[in-house]
Amino acid sequence: MSKKRRQILQKAVKLEKRHNYLTNIEKSFLGLGENGDRPYAVLKYYRPDFECFSSWTPSELKAFSDFVIKLKSAEWKDIYTTGGKAGTKKGLGYTPHKDRSRLPDNPELRDISPDITFFELRVTQKARRVHGFRVKSAFFLVWLDRNHRICPA
């Protein structure tokens, strides 16, 4: 999530607490929760032309299944804490992309707001990664990256 979007959400949450205008259902629908929502994976913008599941080995596919289970059993606030500098990341290793122009082309996403933060998550401790973005509780998985080609270490 971009700094500007985070600031807007924090301000909205403070105002909402002070005035209590929104129900929990409305807050969830508008994505105004406090990152306690449980994520789920969405393949709507998945690009198999960059890398397809068919190129993954059976053990990598099993690791991906474990990743999805780990993702949906976590909360966004916990996922954000898994990031850090190289060598200090843990778990899913949340890493925001600093330069979206370095990401593979995806015509469907060209007009997406610059407020949306693209990031990578670890599928395994080795080079297996997925890249995408968050909207509300959803993690939109866009690219598979089994050999760390998008952001080489």
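Key figures for this structure:
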| quantity | calculated |
| --- | --- |
| Unmet requirement for residue 65, which otherwise passes all of (1) within 14 Å of the chain's Cα centre (by Cα); (2) polar (S, T, N, Q); (3) modelled with pLDDT of 95 or more | (1) |
| Residue match in segment 85-92 (condition: loosely packed, with under 12 Cβ neighbours inside 10 Å, touching a Lys or Arg at 6+ places or on another chain (Cβ under 9 Å), small (Gly, Ala, Ser) and more than 16 Å from residue 2 (Cα to Cα)) | no |
| For residue 151: the one exception among (1) surrounded by 13 or more Cβ atoms within 10 Å (Cβ to Cβ); (2) in contact (Cβ under 8 Å) with a residue 40 or more places away in the chain; (3) in the same structural domain as residue 69 (by TED's automatic domain parsing); (4) not aliphatic (A, V, I, L, M) | (3) |
| Candidates 77, 72, 62 - the one that is outside any loop (DSSP other than H, G, I, E, B), exposed (fewer than 15 other Cβ atoms within 10 Å of the Cβ) and touching a strand residue (DSSP E or B) at 6+ places or on another chain (Cβ under 8 Å) | 72 |
| Segment 133-144, residues that are touching an Asp or Glu at 6+ places or on another chain (Cβ under 8 Å) and surrounded by fewer than 20 Cβ atoms within 10 Å (Cβ to Cβ) | 136, 137 |
| Residues being of a type outside the set (D, E, K, R), under 14 Å from residue 144 (Cβ atoms) and free of Cβ contacts under 8 Å to residues at least 60 places away in the same chain - total across segment 49-63 | 3 |
| Index of the failed condition, residue 74 passing every other in (1) modelled with pLDDT under 95; (2) over 17 Å from residue 124 (Cβ atoms) | (2) |
| Top-ranked residue in segment 109-132 [being touching a Leu at 6+ places or on another chain (Cβ under 9 Å) and of a type in the set (Lys, Arg); ranked as surrounded by the fewest Cβ atoms within 10 Å (Cβ to Cβ)] | 128 |
| Every pair of residues 6+ apart whose Cβ atoms lie under 7 Å, when the first sits in segment 74-94 and is within 19 Å of residue 64 (Cα to Cα) while the second is of a type outside the set (D, E, K, R) and exposed (fewer than 15 other Cβ atoms within 10 Å of the Cβ) | 75/36 |
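The values are calculated or read from the model by the stated rules, or taken from the named source; none is laboratory data. Nothing here was measured: the structure is a model prediction, and the numbers come from that model. In this analysis, Cβ positions are derived from the backbone assuming ideal geometry, glycine residues included, and neighbour counts consider all displayed protein chains.
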